[in-house]
Amino acid sequence: MEQGSARGQTFYPACPPAVIGYGSAAGGKEGDGPLGPSFDRVSGDDTFGEKSWEAAESRMQQLALDAALGRAGLHTGDLDLLLAGDLLNQCISSSFAARAAAVPYLGLYGACSTMGESLALAALLLGAGYGAYAAAVTSSHFCSAERQYRTPLEYGSQRAPTAQWTATAAGAVVLSARGTGVRVTAVTIGRVADKGIRDAANMGAAMAPAAYDTLRAHFSDTGRGPEWYDLILTGDLGHLGHRIVTDFFARDGLKLTNYTDCGLLLFRRQEQDVHAGASGCGCSAAVLTAWLLPGLERGLWRRVLFCPTGALLSPTSTLQGESIPGICHAVVLEGGD
């Protein structure tokens, strides 16, 4: 078995796995956004025909995975590993979807960074020789997240200007240990960062320090500057968090001219009234599978640094007055052969 390598927080698979399939599913509001035509499945009814918002989220994962497997020319039973996560307690959306898949399953929680976490771990496992095919799947649902983290929809509470709109979306990526095409060539595992933000309606400010910390670690570990990449994509910091990260690097003397955020891409921020932008596990997952990977395949970019972010809070910690820790994981995606 070939050995991979590591430096600091950054790990390099010995045999970089390839993306051989990807799929997405989204709700009506997301379908009305700029990426709407690129989703594999859009449902105007955000229940997706199910009896609860939570069941709808599981259904989205199944639809996204089916689309990814279809592109890969595989069936569920061909998978050696399924890595999935969501925002809900005990990751019920993912585990109930995995119940139907009936393949070896690792349930993950990295809040809105989960697409990065699942993709990174899948790449490292395959790169080390543990299996031939793995799938990374992530989802969120506006209605299930509102019920768990804030207030039920029928309460009708007002939203702060810094608030973001949790995406009703899911994304799935199928990796092959020996395939060709877009490859995962390195991953930087983030550290928990906490700058004392306690406002649960200001996730961008809470997560931005983690994005900055992970990006700095990645540049230091690899010896690369931001200009080495055609695109640096965080998610989901939204308008405010994106500005904070840009300002942090400006103070270091680095101008990020190739940097944007998934929370700014999923919706038309002003027209769709999503305040600071999009959030949720499904935000970066949907942008990855409906926009980023297709663009890499078409040659729009050659080298991309994909860096989903997450706010590691719970309703209990918020009520207890705890601050909001953040996390960010970076995945290097390089274009096909």
For this session: Restricting to the stretch 5-176, compute how many DSSP beta bridges are antiparallel as a %, nearest 5.
Result: 60 percent
Exercise. For the stretch 5-176, what does the alpha-carbon gyration tensor say about shape, rounded, prolate or oblate, given a ≥ b ≥ c as the root eigenvalues, a/c under 1.5 as rounded, and a/b over b/c as prolate?
Worked result: prolate
Exercise. For the chain, with only Lys/Arg (+1) and Asp/Glu (-1) charged at the beta-carbon, what is the dipole magnitude about the Cα centre, in debye rounded to 20?
Worked result: 480 debye
Seminar exercise, completed: Label model pair Lys195, Ala160: point-to-point distance (7 angstrom along the Cα→beta-carbon line) in nm is 1.5 nm
Seminar exercise, completed: By Cβ neighbour count within 10 Å, fewest first, Lys51, Lys195 rank Lys51, Lys195
Seminar exercise, completed: Dividing the surface of the Cα convex hull of the stretch 198-279 by four yields a projected area in nm² of 5.6 nm²
Seminar exercise, completed: extent check for the stretch 1-78: Cα max minus min per principal axis, descending, whole Å, gives 48, 30, 24
Seminar exercise, completed: Within the set Gly110, Gly263, Gly70, GNM on the chain using Cα springs under 10 Å gives the largest fluctuation to Gly70
Exercise. Where nothing but the Cβ of Lys and Arg (+1) and of Asp and Glu (-1) is charged, how large is the charge dipole of the stretch 206-337 around its Cα centre, in debye to the nearest 20?
Worked result: 200 debye
Exercise. Can you work out ³J(HN,Hα) from phi for every residue in the stretch 25-38, in order, using Karplus 6.51 cos²θ - 1.76 cosθ + 1.60 and θ = phi - 60°, giving whole Hz and x for Gly and Pro?
Worked result: 9, 8, x, x, 5, 5, x, 7, x, x, 9, x, x, 8
For this session: Kindly provide the helix-only [θ] at 222 nm of the chain, computed as the sum of -39,500 (n - 2.57) over DSSP H runs of four or more divided by all residues, to the nearest 500 deg cm²/dmol?
Result: -10000 deg cm²/dmol
For this session: Once you have the Cα-Cα distance between Asp66 and Asp273, take 0.36 nm times their residue separation minus that, and quote the gain in nm to one decimal.
Result: 71.4 nm
Exercise. So for the chain: antiparallel DSSP bridges make up what percent, rounded to the nearest 5?
Worked result: 60 percent
Seminar exercise, completed: Taking Cα atoms only, Rg over Rh for the chain with Rh from the Kirkwood formula is 0.94
For this session: Under 1.5 on a/c is rounded, so check that first for the stretch 47-121, then, if it is not, pick prolate when a/b is larger than b/c and oblate when it is not; a ≥ b ≥ c are the square roots of the alpha carbon gyration tensor eigenvalues.
Result: oblate
Problem set entry | Antiparallel bridges, percent of DSSP beta bridges restricted to the stretch 183-334 (to nearest 5) | 60 percent
Exercise. In nm, to one decimal, how far is the Ala14 label point from the Arg224 one, both placed 7 Å along Cα→Cβ?
Worked result: 2.2 nm
For this session: Check cross-link reach from Lys255 to the aspartates and glutamates: straight Cα distance under 19 Å, and skip same-chain residues fewer than eight apart.
Result: Asp213, Glu227, Asp230, Asp247
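Just so you know, all these numbers are worked out from the coordinates, no wet-lab data involved. Fair warning: this is a prediction, and the values are worked out from it, not measured in the lab. Glycine gets a Cβ as well: all are built from the backbone with ideal geometry, and neighbour counts include every protein chain shown.
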